[in-house]
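So the structure is just underneath, and the comments pick up after that.
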Amino acid sequence: MSDNILGIGSRVDHPAYGEGAIIRLHKMAYDVCFMTYGIKQVGKNYDKWEIIEEIEPDVEISFTDAEKSLAKILKNWLGISEPIELGDRWNDGKLVLQPADSSLQSKEMPIETFFHKIVMVRDRLRVMEQRINSSKLTDEEKVNLQQYITRIYGSLTSFNVLFKYKENHFKGSK
């Protein structure tokens, strides 16, 4: 590491803790939030990590600025997305699963509940993709897993009818 001080939001790759982001500055150390290990304190003179993205430190950092930086980091790393809207025609609708055997009870749930579960599956797949891409797997292993995830997305395209906006649709391999 150079003599430069890293600012809040700087991204690093630590040999033991993996990828992380600086969330707080101290006189002699950084508080770094690591994906797997949580918040750890690392000395400012530590030189064994790789700097992925360097952000210049502000002389004064307001709580609002720190909040914005942390929100950006969490959004990028954890796959947190903007709220996804259900298509208007499905509002207040219900999903009914009716067995062929009339002696069995049907299952009903609000479409909004079902839609929320589908969006959660998509968001978790995105997080899995990010973790695969940042893992220590070989390139071949990463490609194989990525192709598998793409096929999963393809299997979920049947649910695209529920989304209000086309840019939120599942997309498989073409």
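The set of residues in region 130-174 that are hydrophobic (A, V, I, L, M, F, W, C), touching a helix residue (DSSP H, G or I) at 6+ places or on another chain (Cβ under 9 Å) and in a helix (DSSP H, G or I) comprises 132, 145, 149, 152, 156, 159, 161, 162. When residues in region 2-38 are screened for being surrounded by fewer than 20 Cβ atoms within 10 Å (Cβ to Cβ), closer than 24 Å to residue 133 by Cα and of a type in the set (A, V, I, L, M), 3 of them pass. The listed residues are 146, 130, 105, 98, and the only one of them that is in contact (Cβ under 8 Å) with a residue 24 or more places away in the chain and of a type in the set (S, T, N, Q) turns out to be 130.
Bear in mind these aren't lab numbers, they're just calculated from the coordinates by the rules spelled out. Because the structure is a prediction, the values reported are computed rather than measured. As a convention, Cβ positions derive from the backbone with ideal geometry for all residues, glycine included, and neighbour counts pool all protein chains shown.
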